[in-house]
Structure formats: structure tokens, C-alpha cells
């Protein structure tokens, strides 16, 4: 039997019509009928009951359908694997990134991937972390660089780039404490990223787990804005440890009792396209993460 015959068989089974199936696979109705008859002769059994107004599977057809689908899927996997090796990836790749992203390795990965696979149409979307995660789950994005906490939706894989504590950000020349706690932070004017940001979600979850939510005095659109507001005396910021450490005007105080970490990394579905798998590999190299 030929793969084309199996493709036609599955199309007729799905469409319950030889005419509709022919349109789906871009052939003629007489050709698809002839191919199905040839497959039935080879198998020694009728696959469809043609006596009714619509085409129905026979018992033999119902038994054969799962195996036919599996054979077609296996053939696609072989084609995809060879295409990857030969550098012939095609199609599209939709990538998401957190708002205000200035992480150079991401853009290096995009450039490397685009140069190596020019036949893949790349698109880039900037959104809050929660929207990016939802888009990966529903398939409107193939992969996203986003913030996330300890728990991921089912069926989602990750490549962590950064995993670090959330800290309270204060002016370096004013604060004398070496740490703080949620009880103390509840008394302060807090400056946080908007809801949907990964760092904000980690902090909110910790606060809810230890006494209830904390409403910030100010929601700033970016980590840089939070640092500037902290330096201006507007309150205490909530950011990741590395962001606080990058500016010597501020200090990041560990938050006692908050042991969850803010993560930044790539998320994708567990059944990725070849282009997605290749992009994740390229990103892994661009971020210098070493072996998995």
C-alpha cells in the first residue's frame, strides 16, 4: 500500500464524502475513489459502506483508521527529522517575549535562527507574562520568553534562563536593614510591576499564602521605572535579585519567609513543531546554558 492511499482513506473517513475528501487533498473524485478501491483490494475487505447517502466506515474501516493515522503521523515525523538535519525547515514560528524585554541573547537567538532557516516566517509579540503563558497553552504562540512561578500548566515544557529570589528594593544610601519580611512590607508603600508580570505573580502568591494580598501604592510599567521611583523616594520596589544588583543606587533586601523564586525562561508545548524545537536549541546555545 502507498502513503497516498492511506491519506485518501483518512480524508474520506473524516469528511464522510468522496467529493469533500477529494477537495481536501486536492485531487479528483474519480482518482480518490480509484485509490480507495485499490487499497480495499489489497486489504481484502471493504473499508466504506457506500449504500447510504453518506459514506460510512465498515467494521474493517473503523479497525484500520487508527493505524492509518499513526502511519501518516510517523511519515510526517520522518520528513520533519530529515528536514531539520538538512536545514530545510519551513512554515512559521511565532515567538513571544515579556514587555520591555532588553535581553540580548533572545535577539541573538532570533537572528541566528532566522539566518539559518530563512524559509521559516518569524513573528514576534510583546505581552505581559500571563498573556504569553495563555497564548502558548492555546497555541497562538509557539514559544515565549516569559516570567513564571513554580507551577506550569499541564503539557507545557520550559527552559529556565534565570531563577532567583524576589527582593525588596530600597535606596542603597538610606536603608540599614539587611533583610525584611512580609509583615514589614505591608506597612510600606510598595512599587510593583503590573499584574500579569512574573515577578509580581510570585510576590502576590507569597503574600496571599502568608496573610493575604498586598495592594501596591504604585504599579510601574518596567523594572527601570521601579528603580527610578525607589531612588526618588516614592517607596519600596519589588523586583528580582539580579535587577536590583544591576544598579548600585539601590539594594535588594531578602524577604524572609518567601522561598519561591521568580523564573524567566522559554515555554512551549510538549508537542512542538520542528521549527519550535530548533529555536529552543538555538536559544539554549545563545544563553550559554550548557548541557540539559
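Observations, loosely collected:
- Average projection, convex hull of the Cα set of segment 241-292: 5.7 square nanometres.
- Alpha-carbon centroid distance for the pair segment 159-179 / segment 87-143, whole angstrom: 29
- GNM on the chain, alpha-carbon springs under 10 angstrom: the most fluctuating residue among 60, 241, 52 is 52.
- Approximate spin-label separation residue 184-residue 42, in nm, with each point projected 7 Å along Cα-to-Cβ: 7.5
- Coarse-grained scattering of the chain at q = 0.09, 0.10, 0.15 Å⁻¹, given as base-10 log I(q)/I(0) from a Debye sum over alpha-carbon atoms: -0.61, -0.69, -1.08
- Highest-MSF residue in the chain out of 58, 276, 180 [GNM, Cα springs under 10 Å]: 58
- Mean projected area in nm² (Cα convex hull; one quarter of hull surface) for segment 191-279: 7.6
- Note on the chain: with a GNM built from Cα contacts shorter than 10 Å, the maximum mean-square fluctuation among 54, 140, 129 falls on 54.
- The calculated Kirkwood hydrodynamic radius for segment 129-272 is 15.6 Å, given to one decimal from all distinct C-alpha pairs.
- Based on DSSP H segments of at least four residues, each scored -39500 (n - 2.57), the chain has a per-residue ellipticity at 222 nm of -13500 deg cm²/dmol.
- Linear extension gain, residue 79 paired with residue 126, 0.36 nm per residue minus alpha-carbon span: 13.7 nm
- Convex hull of Cα atoms in segment 223-262, direction-averaged projection (nm²): 2.9
- Rule-of-thumb Rg ratio for segment 188-242 [Cα; 2.2 N^0.38 Å; N residues]: 1.06
- Inter-part distance where segment 226-292 and segment 8-40 are each reduced to a Cα centre, Å: 52
- All Cα-Cα distances of segment 3-86, cut into 5 Å bins from zero to the largest, leave 3, 15, 24, 24, 17, 8, 5, 3, 1, 0 percent in each bin in turn.
- A simple spin-label model places the labels of residue 103 and residue 177 2.9 nm from each other, with each point 7 Å out along Cα-to-Cβ.
- Quotient of Cα Rg and 2.2 N^0.38 Å for segment 42-159, N being how many residues it contains: 1.58
- One way to sum up the overall shape of segment 106-170 is the equivalent ellipsoid from its Cα gyration tensor, whose semi-axes run 25, 17, 11 Å, largest first.
- Length-normalised contact order of the chain in % [C-alpha pairs under 8 Å, at least 6 apart]: 21
Values quoted throughout were computed directly from the atomic coordinates according to the rules given, and no laboratory measurement underlies them. These figures come from a predicted structure and were not determined experimentally. So basically every Cβ, Gly included, is an ideal-geometry build from the backbone, and we count neighbours across all protein chains shown.
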